[in-house]
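Novice: Take a look at the following structure, please.
The values are calculated or read from the model by the stated rules, or taken from the named source; none is laboratory data. Quick caveat: nothing in here was measured; it's all calculated off a predicted structure. When we count neighbours, we look across all protein chains shown, and the Cβ atoms used for this are built from the backbone with ideal geometry, even at glycine. Each accessible area value is taken on the protein alone, full model and side chains, heavy atoms only, with ligands, DNA and RNA left out. Shrake-Rupley method; radii C 1.70, N 1.55, O 1.52, S 1.80 Å.
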Amino acid sequence: MKRRFLTLLSLTFVLAALNSCTIDVNDGLGEGTVTTPGTTESVLSGTGTLSGIISKDLLIKKGNYTLKGIVKITGNATLTIEAGANFTVDTSTNSSLVVLQDGKINAVGTASEPIVFTTSTKTPGDWGGITLYGNAPIKAINGTSTALSEDGNAVYYGGNDANSNSGTMKFVRVEYAGKKIGDGTSETNSMTFYAVGAGTTLENLVTYKGTDDGYEFFGGTVSAKNIVSYGNYDDSFDWQDAWSGQNNTNWYAFQTGVGNFGMEIESSSNIDNTAPKISNITLIRDTNTNPEVANSPEISAIQFKKQGTGIFSNVYISGYKNIGNQKAYSVLIQDAPTETSQVNTGKVVVAPLTYLNSDNAAVWGYAYSPNGGKTFTNTATVTKVSLTPGAWATVDGINLLAGLN
């Protein structure tokens with residue numbers, strides 16, 4: 001690996017002679033530079049390109065920027081992003097924003113001035129989205145406490161600090177992410193959380209038209225509030241490796257055009273897991289929304305498999321229709337072990353529930369012959385999620401929250 005060093009210039013000379021500066025970082029994690037047209041090497045003050053390895057604190061002020069390549073936050077550095085910062089992602093290379101276990105993000109927008117990551121081509125799958133790694137516990141396949149990430153970064157995740165803090169993201173929107181990786185086994189989502197701990201704050205987030213999941217949790221204990229998944233091709237919300245967030249509320253998915261399950265839930269076949277809790281879920285499937293693969297059974301609102309669990313309350317579901325010979329359900333249980341060990345022990349609860357404008361009402365679906373089978377009655381008191389309107393949930397003049405009206 002080529003070694004790189006930071007050229008030290010006096011601040012006076014920099015301010016007097018340069019309009020921008022380039023920081024070369026020798027950190028052993030790969031090539032990369034950060035071009036910062038600001039007053040110091042630790043500030044981007046309105047324009048510039050974010051790229052490479054960030055291993056010292058960096059402040060990005062309100063303005064318009066380019067994000068190029070796989071940007072990694074590491075070395076106990078904090079990436080701070082002000083409200084109103086907008087990033088256009090370079091799609092000529094594989095690009096994503098990755099916060100490693102020893103990094104932190106502090107991205108706090110507002111409803112009127114969100115922090116936005118988008119692309120100029122506006123094509124789903126343009127880039128790899130935002131990924132956070134924490135140090136919270138996981139239970140991967142065979143109950144292992146660590147696993148290798150599937151995002152192409154080859155990072156081992158899983159720790160022992162349930163309250164680990166990867167930072168704060170509020171009023172952040174990610175557009176056109178979920179880039180497919182050419183090796184055939186790796187994938188990215190719009191927002192991905194590997195072993196992220198409960199000390200992390202995730203609030204008022206939007207994922208828009210990505211080609212994989214809107215949000216995916218790989219173990220960890222973090223919770224999320226006021227999150228929107230709009231038009232993502234795979235599942236709106238997805239988790240595995242015994243994710244166990246306990247303080248989740250106000251999750252809204254609007255599936256349109258292409259979409260698989262509203263929620264895909266598993267625990268990597270671990271019977272012993274702590275069921276996550278989510279209050280207030282609204283899942284709406286637009287007319288003529290089809291799964292990624294024709295004649296796929298991935299058209300139900302909520303799927304549980306591989307010992308997946310969840311305690312959900314105030315659940316509003318609408319628009320899940322049969323397609324061809326495939327049936328859509330409010331809740332689909334994929335395997336008998338999940339029914340025996342989780343459903344029948346009270347670790348899978350979806351109630352109170354209202355299921356409207358959809359097929360196969362009043363019954364759960366099973367991909368096998370169940371031991372009984374759950375039925376339900378629509379609960380009139382269930383309401384749609386209530387979210388703050390504003391620019392944070394508006395894309396190209398489209399109000400992403402219109403389905404909640």
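Novice: Nearest 5 percent is fine: what portion of the DSSP beta bridges confined to the chain is antiparallel?
Specialist: The answer is about 10 percent antiparallel.
Novice: Further question on the same structure: For THR375 and LYS321 in the same chain, what is the full-extension length gain: residue separation times 0.36 nm, less their Cα-Cα distance, in nm? Walk me through the numbers on the way to the answer.
Specialist: Values: separation 54, 0.36 × 54 = 19.44 nm, distance 1.80 nm.
My answer for the length gained is 17.6 nm.
Novice: With a 1.4 Å probe and all protein chains in place, put SER45, SER149, SER120 in order of accessible area, largest first.
Specialist: SER120, SER45, SER149
Novice: Computing the accessible area with a 1.4 Å probe over protein heavy atoms, can you report the carbon and sulfur percentage for the chain? Intermediate results must be reported in sequence, preceding the final value.
Specialist: Numbers: 7680 of 15640 Å².
Using a 1.4 Å probe with all protein chains present, the chain comes out at 49 percent carbon and sulfur.
Novice: Tell me the chymotrypsin sites (Phe, Trp or Tyr not before Pro) within segment 346-405 that lie in a loop according to DSSP and have at most 12 other beta-carbon atoms within 10 Å.
Specialist: TYR368
Novice: For segment 257-303, rounded, prolate or oblate, judged on the Cα gyration tensor with a ≥ b ≥ c (square roots of eigenvalues), a/c < 1.5 rounded, else prolate if a/b > b/c?
Specialist: Oblate.
Novice: Then there is this: By how many nm would the segment from THR93 to ALA351 grow when fully extended, if each residue of separation counts as 0.36 nm and the alpha-carbon distance is taken off?
Specialist: 88.4 nm
Novice: With labels modelled as points extended 7 Å from the Cα through the Cβ direction, what inter-label distance (nm, one decimal) is found for VAL293 paired with THR274?
Specialist: Rounded to a tenth, the inter-label distance reads 3.5 nm.
Novice: Next question. Accessible area per residue of segment 187-297 at 1.4 Å probe, in Å²?
Specialist: 24 Å²
Novice: At R0 = 25 Å, how high is the FRET efficiency between THR121 and ASN86 if r is their beta carbon distance? Nearest 0.05 is fine.
Specialist: The computed FRET efficiency comes out at 0.95.
Novice: Another question about this same structure. Roughly how compact is the chain, stated as its Cα Rg over 2.2 N^0.38 Å to two decimals?
Specialist: Values: Rg = 21.6 Å, N = 405, 2.2 N^0.38 = 21.5 Å.
This ratio for the chain stands at 1.00.
Novice: Further, regarding this structure: Between SER112 and ASP359, what's the calculated FRET efficiency when r is the beta-carbon distance and R0 is 35 Å? Round to 0.05.
Specialist: The computed FRET efficiency comes out at 0.30.
Novice: Another question, then. Go through segment 94-165 and name the trypsin sites (Lys or Arg not before Pro) that are in a DSSP coil and have 15 or fewer other Cβ atoms within 10 Å of their Cβ.
Specialist: Passing both the DSSP loop test and the Cβ count: LYS122.
Novice: Let me ask something else about it. Note down the relative contact order for segment 113-182 as a percent, whole number, built from C-alpha pairs under 8 angstrom at least six residues apart.
Specialist: Result for segment 113-182 is 49 percent.
Novice: While we're on this one: Lysines within cross-link reach of LYS72: Cα-Cα under 16 Å, excluding same-chain residues under 8 positions apart?
Specialist: Candidates past the 8-residue exclusion: LYS56, LYS104.
Novice: Can you give me the relative contact order of the chain as a percent, contacts being Cα pairs under 8 Å and 6 or more apart? Intermediate results must be reported in sequence, preceding the final value.
Specialist: Working: 1308 pairs, mean separation 36.4, N = 405.
Reported relative contact order: 9 percent.
Novice: SER45 to THR146: FRET efficiency via 1/(1 + (r/R0)^6), r the Cβ-Cβ distance, R0 41 Å, to the nearest 0.05? Could you put the intermediate results ahead of the total?
Specialist: Working: r = 40 Å, r/R0 = 0.97.
Once rounded, the FRET efficiency stands at 0.55.
Novice: Which is the longest run of the chain containing none of the GluC sites (Glu not before Pro) found in DSSP loop states (not H, G, I, E, B) with at most 15 other C-beta atoms within 10 Å? Kindly include the intermediate steps, with their values, before the conclusion.
Specialist: On the way: sites that count: GLU31, GLU292.
The longest such stretch corresponds to 32-291.
Novice: Straight-line reach from LYS170: which aspartates and glutamates have a Cα under 15 Å away, not including same-chain ones fewer than 8 places off?
Specialist: Straight-distance partners of LYS170: GLU82, GLU113, GLU203.
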